[in-house]
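A short worksheet on the structure shown next.
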Amino acid sequence: QVQLVESGGGLVQAGGSLRLACAASGRTFSTYAMGWFRQAPGKEREFVAAVTWGGSTDYADFVKGRFTISRDNAKSTVYLQMNSLKPEDTAVYYCYAPNAPGKQGYWGQGTQVTVSS
């Protein structure tokens, strides 16, 4: 069973930075992609960023140039460095690990990020 544990959320002023971490266990971390999603109050969960097993990255347009996703396979951890934070970035951020085709992926418990204006 795959387990994902996020950390690093908190309260920050607009323009500030935070780094989220997601520690994975339960399978060989280096062989699969990882992603970050977020959900703001009253809104649907949305894609933020992803990194493949080979290190290729993809970002939602609203975080390009501000957020950076990375992974440390030796630590089985994926990171999300968030810079130039805006109040609209306030949300619960979730780590995601895909599963085999046709099977539901895995989610972490989420970590709250609050950006004050």
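Over region 1-61, with the other protein chains present, what is the accessible area per residue in square angstrom, probe 1.4 angstrom? Provide the component values of the computation, followed by the final result.
Values: 3410 Å² over 61 residues.
Per residue, region 1-61 has 56 Å² of solvent-accessible surface.
Ordering Leu80, Leu11 from largest to smallest accessible area (1.4 angstrom probe), what's the sequence? All intermediate terms of the calculation are to be shown ahead of the outcome.
Values: Leu80 0, Leu11 135 Å².
Putting Leu80, Leu11 in descending order of accessible area: Leu11, Leu80.
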- Query: Under a Cβ-Cβ cut-off of 15 Å, what is the net charge of the residues other than Phe62 that fall near it, where Lys and Arg count +1 and Asp and Glu count -1?
  - Reply: 0
- Accessible surface of Phe37 in the full protein assembly, 1.4 angstrom probe, to the nearest 10 Å²? 50 Å²
- Note on the structure: the chain: relative contact order from alpha carbon pairs under 8 Å, six or more residues apart, as a whole percent, is 36 percent
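Considering only protein heavy atoms and a probe of 1.4 Å, how much of the accessible area of the chain is carbon and sulfur, as a whole percent? Write down the numbers at each step before the final one.
Working: 3020 of 6210 Å².
About 49 percent, which is the carbon plus sulfur part of the accessible surface.
Can you tell me the alpha carbon radius of gyration of the chain divided by the globular rule-of-thumb value 2.2 N^0.38 Å?
Values: Rg = 13.6 Å, N = 117, 2.2 N^0.38 = 13.4 Å.
Ratio of Cα Rg to 2.2 N^0.38 Å: 1.01.
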- Query: For region 36-75, what is the convex hull (Cα atoms) projected area averaged across all directions, in square nanometres?
  - Reply: 3.6 nm²
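The values are calculated or read from the model by the stated rules, or taken from the named source; none is laboratory data. Model, not experiment: these values are computed from the prediction. Cβ coordinates were reconstructed from backbone atoms using ideal geometry, including for glycine residues, and neighbour counts include every protein chain displayed. Each accessible area value is taken on the protein alone, full model and side chains, heavy atoms only, with ligands, DNA and RNA left out. Shrake-Rupley method; radii C 1.70, N 1.55, O 1.52, S 1.80 Å.
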